1. Kindly provide the set of residues from the range A:1-20 that are near DNA strand C (Cβ under 8 Å from one of its atoms) and more than 14 Å from every other protein chain (Cβ to nearest Cβ), ordered by number.
2. Could you say whether any residue in the range A:79-92 is under 30 Å from B:R170 (Cα atoms), within 16 Å of DNA strand C (Cβ to nearest atom) and β-branched (V, I, T)?
3. Considering the range B:183-210 alone, what residues qualify as being closer than 20 Å to B:E153 by Cβ and at pLDDT 90 or above?
4. Within the range A:93-122, track down each residue that is closer than 17 Å to A:Q74 by Cα, assigned to a helix (DSSP H, G or I), more than 7 Å from chain B (Cβ to nearest Cβ) and touching a helix residue (DSSP H, G or I) at 6+ places or on another chain (Cβ under 7 Å).
5. In this structure, does B:A30 turn out to be touching a His at 6+ places or on another chain (Cβ under 9 Å), away from chain A (no Cβ under 14 Å) and loosely packed, with under 14 Cβ neighbours inside 10 Å?
6. Give just the number: which of (1) of a type in the set (A, V, I, L, M); (2) at the interface with chain B (Cβ under 7 Å from one of its Cβ atoms); (3) crowded, with 18+ Cβ neighbours inside 10 Å does A:V180 not satisfy?
7. Pairs needed: first member in the range B:185-206, closer than 25 Å to B:P112 by Cα; second member anywhere, surrounded by fewer than 18 Cβ atoms within 10 Å (Cβ to Cβ) and among the small types (G, A, S); C-beta distance under 7 Å; at least 6 residues apart or different chains.
8. Does A:V131 satisfy being in a helix (DSSP H, G or I) and more than 9 Å from chain B (Cβ to nearest Cβ)?
There are 2 protein chains.
Amino acid sequence: MAAALRVLDAEGMDGLSMRRVGEELGTGAASIYWHVRNKEQLLQLVFERVIEEAKLPEPDPWRWQEQLRVFADQMRAVLKSHRDVARLTLGRVPSGPALAVVSEWLFTLLTPVGIPDQVIAYLGDLFGLYVGAFTFEESLGTASFTGTDLSPEQFFTMLKDYLLSLPEDRFPHTRGAVDVLFGGSRDDRYAFGIDLMLRGLESYATKAPR
Amino acid sequence: MAAALRVLDAEGMDGLSMRRVGEELGTGAASIYWHVRNKEQLLQLVFERVIEEAKLPEPDPWRWQEQLRVFADQMRAVLKSHRDVARLTLGRVPSGPALAVVSEWLFTLLTPVGIPDQVIAYLGDLFGLYVGAFTFEESLGTASFTGTDLSPEQFFTMLKDYLLSLPEDRFPHTRGAVDVLFGGSRDDRYAFGIDLMLRGLESYATKAPR
DNA sequence: CGAGCTTATCGAACGATGTTCTATGAGGAA
DNA sequence: TTCCTCATAGAACATCGTTCGATAAGCTCG
């Protein structure tokens, strides 16, 4: 059932209509409503289905930072492996089982180094939010953008030129740092966010794992 | 022009149709397309209009952490002050002027404490992403949720019960921490994210401001 | 004055969407 | 055979973003 939807997801999210799904199944559009209450529910099923693809390594508290990094990369890779699934993450809570597994994984990884339970709990949320939001923007990507019909490259060079045209006395730093503002790959930006959170987490880690 | 849209934004985003906007203006729906190319562009205008409401304090590097915190709270407050505007932030780049102002503010605030330019640049992105994503979820809030027609309270207590029904040997931490997982106000969760980033930033701050 | 241009609006229509309703079968159990 | 469930089909509804052509109102310029 939800399997035929993956086929659809592989051809994009806009244009994922009920009729299109029905066509994919060889049935009509209305037939779907027997299996599923809403389109919303259908999307939720797709979402959960994809989330379950993530595999977690055996938690090793001695290398908790590295493992969190791997976890973050994993999640992003999974979300990006299916077209537009990233757009479904925000505001969705993963299905019960997946939630439990990730939660337990985080606790067994981080409790031994002295990080408080409350911090771990919030961190799970935060991680999910970050990877969700980042891949979300990545998924929107270069689409439509600002309502103008400029290509993303055009748009960015325009913005760049604008920043360079700023009065030098009022925007000295920004003018000088325009290259560093727009430079950097997406991977770098993603890694930076994870890194910043990890650095923050270190200030909570009091013990060495025993 | 964009003024009449704020009135509409005050009555929700679903149901913000071109026809409704036209009605608000006392004109038809098609008339809008003379002023604006797309609905996308119209939303962009609304977004920029709202972003400009944010006021930044005079940057004071001696209290950079406190000021970043109030900045974050400011942004969230602004995004929440207009219904559903939060849903527009993700994937959007603020209009040129606003971008320049915020960027300059960040540089003058953080450069004096020794934080590298590259970090500041990425941080601007990250902050925007975080506040955008958080308010986004807040805006979706309790709507529709998982495709089921349960109220959010019902949903959460169900999820809670599920976690408590887990086998104790395989999910010891999660079972024990179920209250801390679901406890905590939204404000607390938001503050935690900001806090974690600030703690991470501290590890970049090498100098005391002079 | 009036011709022509820009500015702005209007109504009708098109195609597409999510969803509902009702009718209609297929397949097994009684 | 009869009945019940599982599943599908088609038609229709309301709504949406968008396009098109016609139509004025207000201005400038000859």
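The values are calculated or read from the model by the stated rules, or taken from the named source; none is laboratory data. Model, not experiment: these values are computed from the prediction. When we count neighbours, we look across all protein chains shown, and the Cβ atoms used for this are built from the backbone with ideal geometry, even at glycine.
1. A:G15, A:L16, A:S17, A:R19, A:R20
2. Yes, the range A:79-92 contains at least one residue that is under 30 Å from B:R170 (Cα atoms), within 16 Å of DNA strand C (Cβ to nearest atom) and β-branched (V, I, T).
3. B:S185, B:R186, B:D187, B:D188, B:R189
4. Listed by number, the residues that qualify are A:A98, A:V102, A:L106, A:L109.
5. Here the answer is no, as B:A30 does not meet what is asked.
6. In the conditions (1) of a type in the set (A, V, I, L, M); (2) at the interface with chain B (Cβ under 7 Å from one of its Cβ atoms); (3) crowded, with 18+ Cβ neighbours inside 10 Å, A:V180 misses (3) alone.
7. Matching pairs, first to second residue: B:R199/A:S203; B:A205/B:G114; B:T206/B:G114.
8. The answer is yes for A:V131.
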